[in-house]
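Data first, discussion second: the structure below is written as structure tokens.
The values are calculated or read from the model by the stated rules, or taken from the named source; none is laboratory data. Remember, predicted model here, so these are calculated numbers, not experimental data. Cβ sites come from the backbone with ideal geometry, for glycine too, and all protein chains shown count toward neighbours.
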Amino acid sequence: MKFYVLEREDAEIAAEREKLERERQLHIREIKRVQHEDDSIFNKHTIQKNDRYVLLTLLGKGGFSEVWRAYDLDSYRTVACKIHRVNKQWGDHKKASYVKHAIREKDIHKTLEHPNIVKMYELLTIDQDTFCTVLEYCDGNDLDHYLKQHGCLTEKETRLVIGQVVDALRYLGERQSPVIHYDLKPANILLQSGCRKFEVKITDFGLSKQMETSDDCDSIELTSQGAGTYWYLPPETFKDISVKISTKVDVWSVGVICYQCIYGKRPFGHDQTQQRILNEGTILKATVVNFPPKPTVSQIAQDFIRKCLQYEPSNRADVLELSRHDFIKSVSRRIVQQPASPSSRTMRDDLDH
Ligand code: ADE
């Protein structure tokens, strides 16, 4: 009897420790964010000629970019401003390549119109070395942050997230010139709070590629081998540069994200650094996906993941097939946007109703 009491106490202490650790991580993140915000040269700035966009809070910082929550004084709405700053030390060739990339990102992103894709409003030039993309604002952090906070999602929550992502991919794939996102990962899936059924939106088309036609067999040559985040990229992207890739690159990423949402870890190279994944050819050896015994997951969910994580693209489901899979069939194209509820409900609250 005493043993059971001690066991229960141990479990409670472990849960409390986990909670405190998550809070600690949140604090560290916030301290870093404030520090970056204080150091930023855009701190307390407005941008564009008539000070149209007022920069309010730094949301995130990448290698050569910062994302700010900003207020658009012309349209009276909150937006996200992604400010790209070309490194002054770079040579002309590197600068030109960076700008070319950004313009391509803008050209692709600006034409996209889907409820689960962050809208791009415009691209502004700030000065010779700096430009800014103005994006639809999502007010609920990203899936990466959510997973770090909560470990994993329930199967039901996963279905809602993945269903919306697949919906967006179906839209990208059905265009006359299909678009491959090429960098789908939890950090690029933004959560929108304030809706009864929460919404997700995919963002960051910086590595995306546009195919010539919508012909099913069409594919494009792999030009940026090693780009993207290795945990989420399929084997064919690690092969010879002449290997052709298709929208099935994103299908693999969906499988990895779905697995991670349910099991709380990535299926391949979870504990490995990016460098180790590359050095050890982890993804090139990713021929079989193993499912842990816990948590208990439905056969349908496992089948969905397996169809995404087929090593050979020819055996992998395409986006259309995926959107018709029983795991998400009931979610795709069914998310109805509802007015924000007045209470401050959490994503979990919303899902439980
Ligand atoms: N972080 C990156 N892009 C964002 C956006 N559009 N809204 C909110 N946070 C973001």
Counting only residues in region 17-75 that are aromatic (F, W, Y) and touching a Leu at 6+ places or on another chain (Cβ under 9 Å), the one modelled with the lowest pLDDT is identified as F42
Residues of region 133-164 being within 16 Å of the ligand (Cβ to nearest atom), part of a helix (DSSP H, G or I) and surrounded by 20 or more Cβ atoms within 10 Å (Cβ to Cβ), in sequence order, are L143, Y146, Q164
Picking from E199, E174, E155, the residue that is among the acidic types (D, E), modelled with pLDDT under 90 and assigned by TED's automatic domain parsing to the domain that holds K248 would be E199
_Kindly evaluate E37 against the criterion of being without any contact (Cβ under 8 Å) to a residue 24 or more places away in the chain and either within 16 Å of the ligand (Cβ to nearest atom) or surrounded by 10 or more Cβ atoms within 10 Å (Cβ to Cβ) (or both)._
yes
So, first residue more than 22 Å from P313 (Cβ to Cβ) in region 270-289, second residue part of a helix (DSSP H, G or I) and at pLDDT below 95, Cβ within less than 6 Å, six or more apart or across chains; the pairs are Q274/Y230
Condition set buried (at least 16 other Cβ atoms within 10 Å of the Cβ) and modelled with pLDDT of 85 or more, scope region 99-113, selection farthest from the ligand (Cβ to nearest atom): answer is I108
Checked A70, A14, A80, A96 against criteria (more than 16 Å from the ligand (Cβ to nearest atom), closer than 25 Å to D204 by Cβ and small (G, A, S)); the one match is A96
If we scan region 114-132, do we find a residue that is within 16 Å of the ligand (Cβ to nearest atom), over 17 Å from the mean Cα position of the chain (by Cα) and in a loop (DSSP other than H, G, I, E, B)? no
